[in-house]
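One structure is given below, encoded as structure tokens.
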Amino acid sequence: FPQDSNNPGAEFGRSAFDVRHRFTMSFSYDLPFGPSRSFATRGWTAALFGGWQANGIVTVQSGSPFTVSLLSELDNSNTGRAALGFGFNDRPNVIGDPNVQNPSADSWFNTKAFEFPPFGSFGNAGRNILEGPKFANINLALVKHASISDGGRLQFRVEAFNLLNRVNLGLPNAFLGSPIFGQIGSAGSARRLQIGIRLL
């Protein structure tokens, strides 16, 4: 829903899924160990180190846009919209530059740049005028196939999600009136490791 149905132009802005820059690379590489490989090994060393393959996905992207709003229970515009339960419609007035030089989880944007509009009016803050934290991630899997009888194979997998254990922050609290307005209280998953065996 628009903040003001009589002023749809005030809703002009970036889409919530408008990530301006995104780079994704996937790769698969046969490690050079084992028979017929660059580093030939024999016996137990060939069984242990040979036949491994590395697979990975690297993702880097810029932040997602977000909208600064009033708390959903605040019907500042006095339109009754908040009582409908949809929420997040009334926006504040912008009275300064909301951007900060070095955003952090404790202060992602300048909260003093926003104020409540006079009761019964709509705020002038645009939709999705701020951008959240960037995202970077590397997932890596080491896979080895071992032949068994009757044409079957065993697949051994060692997988790491968020290999570098990077902290990918979530979006900040963007609701004027909240005690944690402007702060980030969530992040993506930390590094996870898993080992698996699969019969093919």
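Filter the range 71-92 down to residues that are more than 28 Å from the chain's Cα centre (by Cα) and surrounded by 15 or more Cβ atoms within 10 Å (Cβ to Cβ) and give me whichever is modelled with the lowest pLDDT. Among those that are more than 28 Å from the chain's Cα centre (by Cα) and surrounded by 15 or more Cβ atoms within 10 Å (Cβ to Cβ), it is Ala82.
One line per residue, one yes/no per condition, for (1) assigned to a loop (DSSP other than H, G, I, E, B); (2) under 30 Å from Gly80 (Cβ atoms); (3) at pLDDT below 95:
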| position | (1), (2), (3) |
| --- | --- |
| Glu159 | no, no, no |
| Leu163 | yes, no, no |
| Arg166 | yes, no, no |
| Ile180 | yes, yes, no |
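Here Ala146 fulfils each of the conditions (1) surrounded by fewer than 17 Cβ atoms within 10 Å (Cβ to Cβ); (2) in contact with a helix residue (DSSP H, G or I) (Cβ under 9 Å, 6 or more places away or on another chain); (3) part of a loop (DSSP other than H, G, I, E, B) apart from (3).
Per the conditions (1) of a type in the set (D, E, K, R); (2) assigned to a strand (DSSP E or B); (3) open to solvent by less than 50 Å² (accessible area, probe 1.4 Å), the sole criterion not satisfied by Arg198 is (3). Scanning the range 97-124 for residues that are more than 15 Å from Thr67 (Cα to Cα), assigned to a loop (DSSP other than H, G, I, E, B) and open to solvent by less than 80 Å² (accessible area, probe 1.4 Å) returns Val100, Pro103, Ala105, Pro117, Gly120, Ser121.
The residues in the range 50-70 that are open to solvent by less than 20 Å² (accessible area, probe 1.4 Å), assigned to a strand (DSSP E or B) and either without any contact (Cβ under 8 Å) to a residue 40 or more places away in the chain or within 30 Å of Leu176 (Cα to Cα) (or both) can be counted, and the count is 4. Mind checking whether some residue in the range 12-22 is at pLDDT below 75 and open to solvent by 70 Å² or more (accessible area, probe 1.4 Å)? No, that holds for no residue.
The values are calculated or read from the model by the stated rules, or taken from the named source; none is laboratory data. What you are looking at is a predicted structure, and each value in this text was computed from that prediction instead of being measured. Ideal geometry is used to build each Cβ from the backbone, glycine not excepted, and the neighbour counts take in all protein chains shown. Ligands, DNA and RNA are excluded from the accessible area calculation, which covers all protein heavy atoms including side chains. Shrake-Rupley method; radii C 1.70, N 1.55, O 1.52, S 1.80 Å.
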